[in-house]
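The structure appears below as structure tokens.
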Amino acid sequence: MKDPVDVLIIGAGASGAAVAWSLAETKMHILCLEQGGWMNPAEYPSTGRDWEAKFYGEWSSSPNVRGRPEDYPINDDNSPIKVVNYNAVGGSTVMYTAHWPRLHPSDFKVKTLDGVADDWPIDYEALTPFFEENDRMMGTSGLSGDPLSPLTHPPMPQQPMGLSGAIISKAMNKLGWHWWPSDTTVATMDYEGRARCINLGHCTPACAQGAKSSTDITYWPHAIRAGVELRTHCRVREITTDENGMASGVVYYDKDGIEQFQPAHVVVIACNGVGTPRLLLNSASGRFPNGLANSSGLVGKNLMFHPYAQIYGYVKEPTDSNRAPPTCLWSKQWYDTDLSRGFVRGYGVQFVRGAGPVFEAVVSEQKGILPWGEDHHRVFRKLNGHRLGFSAICEDLPEEHNRVTLDPVLKDSHGIPAPKVDYTISENSRKMMEHALARGREFLETAGASDICVNSPIPWGGWHLLGTARMGTDPERSVVNEWGRAHDVKNLFIVDGSIFVTSGGVNPTSTIQALALYIADQMKQRLANLFD
Amino acid sequence: MSADNQLTRRQRDDLRAIAAMIIPASDEYKVPGADDPAIQADMLATLGRDTKLVAAALDHLARLARGPLAELDAARRDAVVHEFRKNGGVAAATLVRVVLQCYYRNDRVLSSLGLELRAPFPKGHVLPEGDWSLLDPVKARGGSLRRPP
């Protein structure tokens, strides 16, 4: 029998790392179990000549394609958007684009403002100090003062505009539309032991330079120095409960595949919008027959992905291709509700600088714009290094039929039931996507682009996994309360994207981590009566 | 034979033939075709997890062609390939992707495109900083955030 720990955190990704670091100052015994291992930047794709080919195999963003021992399978056959994630110390921050917008103040009160979905039980102001703290810890770059975004104070200057940014900004200016340099977690100068960005190329499949912020190189070194214990290659099967209905610990498989029980006084789940409901549903028991913390019946429901409406084309001038981080500028022109557009809520836009030669060839052949035969070479030279893209991140509203359940057949390598995703794109989202594609086409035509192609939705675009254990004050309509504690289990907390009430129209990681720090702060303030 | 990272002689012949149809050599651009021996060797050496699907695609191609692809006349070959592309599914797409990913990392091909023959790390790339005065109109227009009451 292992000694109990004070706090057991499940998952060492974006939110698990943040909450571990924040709680470390309490000097409690904090243990984090992570199913993946530490990454080795020397093995990242950009260190090899075959860097692009790796995206189609061991470095695919899809766990189903990647199939590493650290991954678990996901049945997403019944979804037009496929789940992408990464399982390691650092979680999906190892494999994200480092785009760093925040939810807007209006995103927390959509019911009040637009009469749809639900308001969050907290507001933007409650998170403001934690956004700031998180930006310092992750190390952000950007330009303060965007009139259409929440005020931020990035400690590093924005990324260079590059060739693509110049073309994008001129076209947006011609149209009179808003654009601004993106806040990112790409270090543009040496920062806290991290070397500055040298433009290795697309940031998504990990950064060999260490310029892209992932929690294995930001929060975790600090948390471990402060005494947090991190056990890797430990996959949690279920959370156990005692006779009082309190979480008593977890059953997990260690690096040798041996089943272990780790008792704990407090359990914190940080597995994001698919992993968290999977774990709660796999923790069903006699006392909690429908899954742990699921008296509301909402565990797994209200999955929100952010359908991406992407449109791209090819300009005559050279673009940055793969010679830069993929994101440089954003637009919030269509972020807020304007009912004349035919839908509620809105979308953010992230512009795309270009693509590498292999990706360009493969995708263009599939799209039918790159021919086989003699004309292949001429057309490829017209396309390669000339791509410019416009990607709309459409706000997904919560709908209970979009959900994560347990697959009755599919299991991971430890025999644990795998998650199953059922998801459809709503009519409101479809109208939003059509609107975005029309604006994107105007933008591309103004930039002088031809051979315009559409991905709507981006099929392998399920990066943002939100809403499946939502927060709220009403135990019948939410899974956790306004400070992240499960309504049903008073020593169980959830700190990841699953507690989002609505999704906003931006990448969520900044807000996920601010929420994790906010919840950790709430826990610290209530240590004397945490379970009351 | 097809499951252990190897293809049969017949499959290799058909792979070479279809690769040349996808990307033929070009005197104009001074590049080899995708049937070039070095590029073919790269494909065979790095098939890895794609082996099964590529072998399946080549078997499908063989069934359509009813013989070695290279021995068909041009019209018949085009008809076979048309059918292969139309109904080949994931296996056909994988085969085409393997051809393209090996072709577009070949030294002669990258040189002809003016690309450096190296991994991105550790040298990286240099980006122009750009003219940030382009932001002036955006700043001048201003705007405000929508706020809840």
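What follows is calculated from the coordinates using simple rules that are stated; it is not laboratory data. Note that the coordinates shown come from a computational prediction; the quantities given were computed from them, not determined experimentally. Methodologically, a virtual Cβ is constructed for each residue, glycine included, from the backbone with ideal geometry; neighbour enumeration extends over all protein chains shown.
Once you put a point 7 Å from the Cα of A:ARG68 and another 7 Å from the Cα of B:LYS86, both along the Cβ direction, what distance in nm separates them?
Reported label-point gap for A:ARG68 and B:LYS86 is 4.2 nm.
If we count every other residue with Cβ under 14 angstrom of A:ASP451's Cβ, Lys/Arg +1 and Asp/Glu -1, where does the sum land?
Summing Lys/Arg as +1 and Asp/Glu as -1 gives +3.
Take A:HIS29 and A:HIS222, extend 7 Å from each Cα along the Cα→Cβ direction, and tell me the distance between the two endpoints in nm.
Each label point is offset 7 Å from its Cα along the Cβ direction, giving 2.6 nm.
With r defined as the distance between the Cβ atoms of A:SER413 and A:LYS2 and R0 fixed at 22 Å, what FRET efficiency is calculated, to the nearest 0.05?
The calculated FRET efficiency here is 0.40.
Considering only A:SER503, A:GLN333, A:GLY245, whose Cα is most displaced toward the positive end of the charge dipole of the protein assembly as shown, charges sitting on Cβ of Lys, Arg (+1) and Asp, Glu (-1)?
Going by the charge dipole, the pick is A:GLN333.
Which net charge results for the neighbourhood of A:LEU527, defined as the other residues with beta-carbon distances under 15 angstrom from its beta-carbon, given Lys and Arg at +1 and Asp and Glu at -1?
+1
Which peptide among B:46-57, A:280-291 comes first, and what is the full order, when sorted by highest mean count of other Cβ atoms within 10 Å?
Ranking, from highest mean packing down: B:46-57, A:280-291.
Picking from A:LEU527, A:LEU163, A:VAL7, whose Cα lies most toward the positive end of the charge dipole for chain A (charges on Cβ: Lys, Arg +1; Asp, Glu -1)?
Result: A:LEU163.
So how do A:206-217, A:114-125 stack up, highest first, on mean other-Cβ count within 10 Å?
A:206-217, A:114-125
What does the charge add up to near A:HIS153, with Lys and Arg as +1, Asp and Glu as -1, over the other residues with Cβ less than 14 Å from its Cβ?
Result for the local shell: -3.
How big is the charge dipole of the stretch B:1-129 about its Cα centre, in debye rounded to the nearest 20, if each Lys and Arg gets +1 on its Cβ and each Asp and Glu gets -1 on its Cβ?
Here the size comes out at about 360 debye.
With +1 assigned to the C-beta of every Lys and Arg and -1 to the C-beta of every Asp and Glu, and no other charges, what is the dipole magnitude of chain A about the Cα centre in debye, to the nearest 20?
Dipole size: approximately 980 debye.
Pop the C-beta distance of A:ARG477 and A:ASP338 into the FRET formula with R0 = 41 Å and round what comes out to the nearest 0.05.
0.90
Kindly work out what percent of the DSSP beta bridges joining two residues of the protein assembly as shown are antiparallel, to the nearest 5.
Antiparallel bridges make up about 70 percent of those DSSP assigns within the protein assembly as shown.
Report the gain in length on full extension from A:GLU192 to A:ASP50: 0.36 nm times residue separation, minus Cα-Cα distance, nm rounded to one decimal.
Here the segment from A:GLU192 to A:ASP50 would lengthen by 48.0 nm.
How well do other chains shield peptide A:467-477, expressed as the mean number of their Cβ atoms within 10 Å of each residue Cβ?
That works out to 0 on average.
Given the convex hull over the Cα atoms of the stretch A:405-532, what projected area results after averaging over all orientations, in nm²?
If you wrap the Cα atoms of the stretch A:405-532 in a convex hull and average its projections, you get 12.2 nm².
Evaluate peptide B:81-87: per residue, the Cβ atoms of other protein chains within 10 Å of its Cβ; return the mean as an integer.
Average per residue, whole number: 1.
Determine which residues of the stretch A:112-139 fall in the zone a paramagnetic label at A:LEU527 would reach in this model, i.e. backbone nitrogen under 15 Å from the point 7 Å along Cα→Cβ.
No residue passes the distance filter.
What pairs in A:LYS301/A:LYS490; A:LYS170/B:LYS86; A:LYS431/B:LYS52; A:LYS174/B:LYS30; A:LYS111/A:LYS490; A:LYS27/A:LYS82 have C-alpha atoms more than 31 Å from each other?
The answer is A:LYS170/B:LYS86; A:LYS431/B:LYS52; A:LYS174/B:LYS30; A:LYS27/A:LYS82.
According to a simple spin-label model (label point 7 Å from Cα along Cα-to-Cβ), what is the distance in nm between B:ARG76 and A:GLU317?
Here the modelled spin labels are 5.3 nm apart.
Express in whole angstrom the spacing between the alpha-carbon centres of the stretch A:19-44 and the stretch B:98-119.
Spelled out, the Cα-based centre of one part sits 39 Å from the other.
Please give the Cα centre distance for the stretch A:85-158 versus the stretch B:5-55, rounded to the nearest Å.
Cα centres, the stretch A:85-158 to the stretch B:5-55: 47 Å.
In peptide A:331-343, what is the residue-averaged number of other protein chain Cβ atoms found within 10 Å of each Cβ?
Going residue by residue through A:331-343 and averaging, the value is 1.
Can you figure out the FRET efficiency of B:ARG63 with B:ASP27, using R₀ = 35 Å and their beta-carbon distance, to the nearest 0.05?
Between B:ARG63 and B:ASP27 the formula returns 0.50.
Can you pull the semi-axes for chain B, root of five times each eigenvalue of the Cα gyration tensor, sorted largest first, whole Å?
After scaling each eigenvalue by five and taking roots: 43, 22, 17 Å.
When the scattering of chain A is computed by the Debye formula from its Cα atoms alone, each counted once and equally, what is log10 I(q)/I(0) at q = 0.08 Å⁻¹?
For chain A at q = 0.08 Å⁻¹, log10 I(q)/I(0) is -0.47.
Sort out for me the Cα centre separation of the stretch A:455-532 from the stretch A:221-300, rounded to whole Å.
16 Å
Taking only the Cα atoms of the stretch A:257-330, how large is their convex hull per residue, in Å³?
223 Å³
Of B:PRO32, B:ALA65, B:VAL54, whose Cα points farthest to the positive end of the dipole of chain B (charges on the beta-carbon: +1 Lys, Arg; -1 Asp, Glu; origin at the Cα centre)?
Looking along the dipole axis, the top candidate is B:VAL54.
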